[in-house]
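Below is one structure; the comments refer to it alone.
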Amino acid sequence: MDTAKLPAVVVQAERVYQPGLHPGGVVVSFGGQVAFVGSREQMEAAGIREALKSDVFAVEVLEAENCVVTPGLIDGHVHLIGGGGEGGPQTRTPEVNLTQLTKAGITTVVGLLGVDTITRCVESLLAKARALETEGITTYIYTGGYELPTRTITGSVRSDLVLIDKIVGVGEIAIADHRSAQPETRELARVAAEARVGGLIGDKPGLVHLHLGRGGEGLARVMEIVDTTDLPPAQFYPTHVNRSEELFSAALEFHRRGGSIDLTAGVSPDLGEEGAVEPSVALARVLQAEGSLKGITLTSDGNGSLPSFDAQGNLTGMIVGPVDLLVKELRQAVLQKGLPMEEIISAVTENSARVLNIYPRKGTVQPGCDADFVVLTADLEVRHVVAKGRVLVKDGRPLVAGTFERT
Ligand code: ZN
């Protein structure tokens with residue numbers, strides 16, 4: 001993308017919501033970066049309104065009366081090339097399209113493989129991530145999948161992290177699940193050591209993104225590794241931790257020891273996960289107990305399969321995970337449960353950016369950061385989406401479609 005051809009984008013909303021809340025609701029981006037955030041008066045005083053009248057460059061004004069601005073949403077767990085397959089080949093879920101993500105306010109996404117690492121591979125995932133990046137959003141991926149030893153592109157997790165820009169870690173490695181490789185504690189520690197060193201050399205977070213299933217062991221072995229090795233808790237990034245009350249409590253203990261934890265919007269009683277802690281309830285409980293959501297993220301698990309199994313392990317049903325769950329959870333938490341927007345938003349913006357080592361370039365709306373932001377209506381519906389300074393969604397309709405999507 002030639003940033004010189006990008007218009008200046010101007011939004012005059014009521015308020016910008018982000019952790020450490022900014023006064024005023026005016027955001028101006030230029031050349032793919034945020035150039036100004038503040039009040040209308042500050043905008044006048046800085047001479048920005050005058051400057052924008054110049055006919056040297058194009059200016060796009062997005063109507064935003066009664067709206068609010070948030071940083072572009074970061075979804076750290078999406079099955080970009082599909083997932084599933086536990087019910088045979090006909091249950092493999094299809095690839096995601098650009099506009100499914102952008103209409104949901106997502107401007108940064110991390111793709112990953114799940115249970116099927118035989119008919120799907122990290123190379124295809126990398127190509128898909130590159131495609132979406134070209135089409136307009138920012139993308140990263142994990143190498144590997146559920147199993148251990150893990151499949152990679154270059155032969156090791158360490159070299160994948162060092163050599164392939166988009167790779168930020170390994171995962172989702174399944175534990176406590178009947179579909180996991182039933183890894184030994186030592187194998188788990190070894191892959192974490194690979195991720196740690198690969199991350200250090202490659203200047204990446206080197207995350208070990210762990211899929212937690214319904215198995216009784218929960219996070220016990222992760223705690224054991226943290227207690228008995230030199231690996232720091234921050235190396236591990238467990239997800240689906242709201243799957244049960246018991247697992248959620250263990251995850252909060254892990255979080256208290258310094259690890260980040262990921263709640264899954266797709267793991268909810270509403271979507272058939274019996275016994276799960278509703279994501280907005282989990283967020284409310286953390287906020288009440290700790291006063292902030294630092295180290296807590298929320299991702300969708302979008303575009304994977306959401307299979308259900310009976311007590312004998314028989315598949316009883318399956319749906320494709322929706323990708324618009326982050327904004328739905330925002331509505332649930334803020335409008336239904338009355339939780340403060342400036343705190344809740346951190347779980348899908350700043351906190352994810354910090355875990356991924358891309359803060360403050362992403363996850364916030366400040367001068368100098370990437371121009372990724374979302375304009376939401378008073379009902380918290382996605383109205384406009386700007387990613388890397390380009391308007392991708394305007395008035396709820398995609399302006400930019402994926403290569404093979406119909407506009
Ligand atoms: Zn998973």
(request) Within the range 304-339, track down each residue that is at pLDDT below 95 and in a loop (DSSP other than H, G, I, E, B). (result) G304, D310, A311, Q312, G313, N314, G321, P322, V323
(request) Starting from the range 27-45, keep only residues that are under 10 Å from V9 (Cα atoms), then list their pairs with residues that are of a type in the set (F, W, Y) and buried (at least 21 other Cβ atoms within 10 Å of the Cβ) whose Cβ atoms are within a distance under 9 Å, requiring at least 6 positions of separation or different chains. (result) V27/F373; S29/F373; V34/F373
(request) Among the candidates L212, L231, single out the residue that is closer than 17 Å to A282 by Cα and among the aliphatic types (A, V, I, L, M). (result) L212
(message) Give me the residue from the range 172-195 that is closer than 16 Å to P233 by Cα and in contact (Cβ under 8 Å) with a residue 40 or more places away in the chain and, out of that set, surrounded by the fewest Cβ atoms within 10 Å (Cβ to Cβ).
(response) T185
(message) When you scan the range 240-257, do you find a residue that is part of a loop (DSSP other than H, G, I, E, B), over 24 Å from A347 (Cα atoms) and aliphatic (A, V, I, L, M), even just one?
(response) no
(message) With the requirement that a residue be under 26 Å from A265 (Cβ atoms) and free of Cβ contacts under 8 Å to residues at least 60 places away in the same chain, what does the range 67-89 give you?
(response) I81
(request) Starting from residues that are of a type outside the set (A, V, I, L, M) and within 16 Å of the ligand (Cβ to nearest atom), keep the ones in the range 271-280 and report whichever is nearest to I319 (Cα to Cα). (result) G272
(message) One residue is enough: does the range 357-366 have a residue meeting the conditions more than 18 Å from the chain's Cα centre (by Cα) and either more than 16 Å from A104 (Cβ to Cβ) or surrounded by fewer than 20 Cβ atoms within 10 Å (Cβ to Cβ) (or both)?
(response) yes
(request) Sort through T185, T229 and tell me the only one that's among the polar types (S, T, N, Q) and over 27 Å from V277 (Cβ atoms). (result) T229
(message) Against the conditions (1) touching a helix residue (DSSP H, G or I) at 6+ places or on another chain (Cβ under 7 Å); (2) buried (at least 24 other Cβ atoms within 10 Å of the Cβ); (3) within 30 Å of S29 (Cα to Cα); (4) of a type outside the set (G, A, S), where does L339 fall short? Just the number, please.
(response) (2)
(request) Count, please, the residues in the range 302-319 that happen to be buried (at least 19 other Cβ atoms within 10 Å of the Cβ) and closer than 13 Å to R179 by Cα. (result) 1
(message) Residues to consider are L283, L293, L298; find the one that is at pLDDT 95 or above, crowded, with 21+ Cβ neighbours inside 10 Å and either within 16 Å of the ligand (Cβ to nearest atom) or of a type in the set (F, W, Y) (or both).
(response) L298
(request) Using the structure shown, decide if G338 is of a type outside the set (A, V, I, L, M, F, W, C), without any contact (Cβ under 8 Å) to a residue 24 or more places away in the chain and more than 13 Å from I74 (Cβ to Cβ). (result) yes
(request) Within the range 222-243, work out how many residues are touching a strand residue (DSSP E or B) at 6+ places or on another chain (Cβ under 9 Å) and either β-branched (V, I, T) or within 15 Å of the ligand (Cβ to nearest atom) (or both). (result) 11
(request) Considering only the range 48-102, state which residues are basic (K, R) and more than 25 Å from V115 (Cα to Cα). (result) R49, K53
(message) Looking at the range 196-212, can you tell me whether even one residue there is more than 16 Å from the ligand (Cβ to nearest atom), more than 22 Å from the chain's Cα centre (by Cα), surrounded by fewer than 22 Cβ atoms within 10 Å (Cβ to Cβ) and in contact (Cβ under 8 Å) with a residue 40 or more places away in the chain?
(response) yes
(message) Looking at (1) in contact (Cβ under 8 Å) with a residue 12 or more places away in the chain; (2) touching a helix residue (DSSP H, G or I) at 6+ places or on another chain (Cβ under 9 Å), which one does A64 not meet, given that it meets all the others?
(response) (2)
(message) Can you confirm whether L219 is more than 16 Å from the ligand (Cβ to nearest atom) and either aliphatic (A, V, I, L, M) or buried (at least 20 other Cβ atoms within 10 Å of the Cβ) (or both)?
(response) no
(request) Kindly indicate the residue of the range 1-43 that is of a type in the set (D, E) and either modelled with pLDDT of 90 or more or within 25 Å of N351 (Cβ to Cβ) (or both) and also surrounded by the fewest Cβ atoms within 10 Å (Cβ to Cβ) among those meeting that condition. (result) E41
(message) Going through G266, G199 one at a time, which residue ends up being among the small types (G, A, S) and not in a helix (DSSP H, G or I)?
(response) G266
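The values are calculated or read from the model by the stated rules, or taken from the named source; none is laboratory data. The structure displayed is predicted, hence computed values, not measured ones. Positions of Cβ are backbone-derived with ideal geometry, glycine not excepted, and every protein chain shown enters the neighbour counts.
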